[in-house]
Every structure is written in C-alpha cells, then in structure tokens.
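Q: Okay, here's the structure, questions in a sec.
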Amino acid sequence: MIMVDTKPFAVVPHGKGFFCAMITEASPAIIMRVKDFGESDLLVTFFTPHKGQLKGVAKGARRSLKRFVNALDICSLINLEFTSKREGSLCLLHSGKLMNPYPALRSDFGALSKASFMIEMTEILFPVGIADPNMFELLKEAFEAMAEGRPNGLIALIFEARAMALGGYGINLERCAVCGRPYRGEGMAVFNREKGTVSCLKCQEPSALSPAMTPDTVGVLRRCRVKPFTNQRASCWGMKPWKSSNPFSSSTGSTGWRKS
C-alpha cells in the first residue's frame, strides 16, 4: 500500500522563464462507477494501479463516437488517458480504449452482484489517496476468473480474504491472541472477532459471534491468501461438505486446540 503523491504539474522552460504544464497520463483502469454529469458529460470513478481510486469528468462522453467507444461500462478494464488537476479535484478524462469488457459479468446477475461487492469493498479499503498495485491486480484477476465461468462464491471468498489482508485487516491465523501459543493446524481454534485473530479453547470459549473453526477451515483461509484463482474447484482448496449451515461452526464435543 502506498500513499499517493499527486503532482500533476511539470515545470517547463519557456523563453527566459518557466511555466507549469499539466501532465496527461495513460494508465490501465477499472471502471467502478459512472453517472450522468450535466447535459453530455459523465462522472467516472475508476481504479488505477499507481494512483488508486480517482474521479474524473469525461466531457461530451455521452455524445462522443470516438474517444470513449464502449469504454466506460462498469467493471470494464480500459487504457485511460487523463489529466490530474490539484489534489482532491476531479480529473479530466481525454480518451479510453477498451482492453477487456468482461461481458459475462453483466449477463449474469450473480456474477454482477459479486463484482459490485468487490468494487464496493475496494472503495472502502482503498479510498482516494491510497493506492496498491497488488489490489488492482487482485480486482482484475477476480473479474477475469468470474468472466471465465469459475464459481462466483469461491472467487468472492478468495477476493475478500486477500483484499482484507492487503487493506491491513487480515485475520492472524498464526497464534493465540491471548496466550500467544502458535497454532499448527491441530485441533479447534476460536475466531476472536475483537482482535481479528484466533484463540485457543483454553483461552476462549466458542459462541455465536466467535465461532469455533476446524483445522480445515483455518487451512482454507490460509490458502485463500496465496492460491491462484485458476484452481476453481472446491476440492482444490480442501473444502468438504458441511453438516452445519455455518461452515465456521462446530460441535461442542470436538477436540480443541488445548495442547501446551
């Protein structure tokens, strides 16, 4: 994660002095939101690898037949030319070239709802002024995986786990939050929601808000952070059918993480 230093002007020699020229940039971008702005303009929210989330005005985009042809649909990956103004103000969008429209995301309601969730999560974790190229790649790869027909629910789970980790909210699965003993994948653990980590049964009892987690559940969460989207089957992740409607719950008679 990097803090964005927006310096949209370059000092250019001119005669005996200097003047400030606005810099036009070109960058891959994922379209997050689009809405009408004035009579013929569009207000576009987009996400870039190195400047993160930005907003800009595409002047005349609703009438243009050349500069933004099919490039400003939500969830599309485009190559965008824009000029940044001073920090906090809207960018000026010059043109966009479509790279991948991900049509399958808009033809399936389930896929579109998952993609919208991913965009909203990205907006929250990486607000204006904070950029992370890894988050851009994660969002792009998730859209590609869903567009190829891989299971939406699994893709969303992987995305959520990785995005939370990139945003600084990853679940610590390595040791007990109370006594500090390492968790080696043996016995039950308890999700400690107050601290965003796990606890052993010796230090915390399971509850409805802090459910017990099996070693398989912890293993799946660990693999979500590192395994590529290309492994689409649940069996590749060690997932098994759950007897409970809550995959993170367990029976109270299970053996817990009590070993010293």
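Q: Restricting attention to the stretch 69-84, report how many residues are assigned to a loop (DSSP other than H, G, I, E, B) and surrounded by fewer than 15 Cβ atoms within 10 Å (Cβ to Cβ).
A: From the stretch 69-84, those assigned to a loop (DSSP other than H, G, I, E, B) are 69-76, 84; that's our starting set.
Keeping just the survivors that are surrounded by fewer than 15 Cβ atoms within 10 Å (Cβ to Cβ) gives 69-70.
Residues meeting the conditions: 2.
Q: Now for a different question. Restricting attention to the stretch 184-217, report how many residues are out of contact with any helix residue (DSSP H, G or I) (no Cβ under 6 Å at 6 or more places or on another chain), part of a loop (DSSP other than H, G, I, E, B) and over 15 Å from G170 (Cβ atoms).
A: 17
Q: Which of (1) closer than 23 Å to R162 by Cβ; (2) in contact with a strand residue (DSSP E or B) (Cβ under 7 Å, 6 or more places away or on another chain) does Q204 not meet, given it meets every other one?
A: The failed condition is (1).
Yes/no matrix, rows are residues, columns are (1) within 19 Å of the chain's Cα centre (by Cα); (2) in a helix (DSSP H, G or I); (3) surrounded by fewer than 20 Cβ atoms within 10 Å (Cβ to Cβ); (4) at pLDDT below 95:
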| site | (1), (2), (3), (4) |
| --- | --- |
| R67 | no, no, yes, yes |
| G88 | no, no, yes, yes |
| S95 | no, no, yes, yes |
| L105 | yes, yes, no, yes |
| A115 | yes, yes, no, no |
| M118 | yes, yes, no, no |
| M135 | yes, yes, no, no |
| L139 | yes, yes, no, no |
| A145 | yes, yes, no, yes |
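Q: Quickly run through the stretch 42-56 and pick out the residues that are buried (at least 17 other Cβ atoms within 10 Å of the Cβ) and in a strand (DSSP E or B). Talk me through it step by step, then tell me what you get.
A: Initial filter on the stretch 42-56 (buried (at least 17 other Cβ atoms within 10 Å of the Cβ)): 42-49, 51-54, 56.
Those that are buried (at least 17 other Cβ atoms within 10 Å of the Cβ) and in a strand (DSSP E or B): L42, L43, V44, T45, F46, F47, T48, G52, Q53, L54, G56.
Q: Okay, moving on. Which residue out of C176, C224, C200 is under 21 Å from the mean Cα position of the chain (by Cα), modelled with pLDDT of 75 or more and surrounded by 16 or more Cβ atoms within 10 Å (Cβ to Cβ)?
A: On the way: C176 fails: under 21 Å from the mean Cα position of the chain (by Cα); C200 fails: under 21 Å from the mean Cα position of the chain (by Cα).
Sole residue among the options that is under 21 Å from the mean Cα position of the chain (by Cα), modelled with pLDDT of 75 or more and surrounded by 16 or more Cβ atoms within 10 Å (Cβ to Cβ): C224.
Q: Something else about it: From G96, G170, G110, grab the single residue that is of a type in the set (G, A, S) and in contact with a strand residue (DSSP E or B) (Cβ under 9 Å, 6 or more places away or on another chain).
A: On the way: G170 fails: in contact with a strand residue (DSSP E or B) (Cβ under 9 Å, 6 or more places away or on another chain); G110 fails: in contact with a strand residue (DSSP E or B) (Cβ under 9 Å, 6 or more places away or on another chain).
That would be G96, the only listed residue that is of a type in the set (G, A, S) and in contact with a strand residue (DSSP E or B) (Cβ under 9 Å, 6 or more places away or on another chain).
Q: Okay, next question. Would you call D36 among the acidic types (D, E), at pLDDT 90 or above, surrounded by 13 or more Cβ atoms within 10 Å (Cβ to Cβ) and in contact with a strand residue (DSSP E or B) (Cβ under 7 Å, 6 or more places away or on another chain)?
A: Criteria not met by D36.
Q: Could you give me the residue pairs with C-beta distances under 6 Å whose first residue belongs to the stretch 148-165 and is under 22 Å from F126 (Cβ atoms) and without any contact (Cβ under 8 Å) to a residue 24 or more places away in the chain, whose second residue is of a type in the set (S, T, Y) and crowded, with 19+ Cβ neighbours inside 10 Å wherever it lies, and which are 6+ apart or on separate chains?
A: From the stretch 148-165, no pairs qualify.
The values are calculated or read from the model by the stated rules, or taken from the named source; none is laboratory data. Computed from a predicted model, the values in this text were never measured in an experiment. Reconstructed Cβ throughout: ideal geometry from the backbone, glycine too, with neighbour counts over all protein chains shown.
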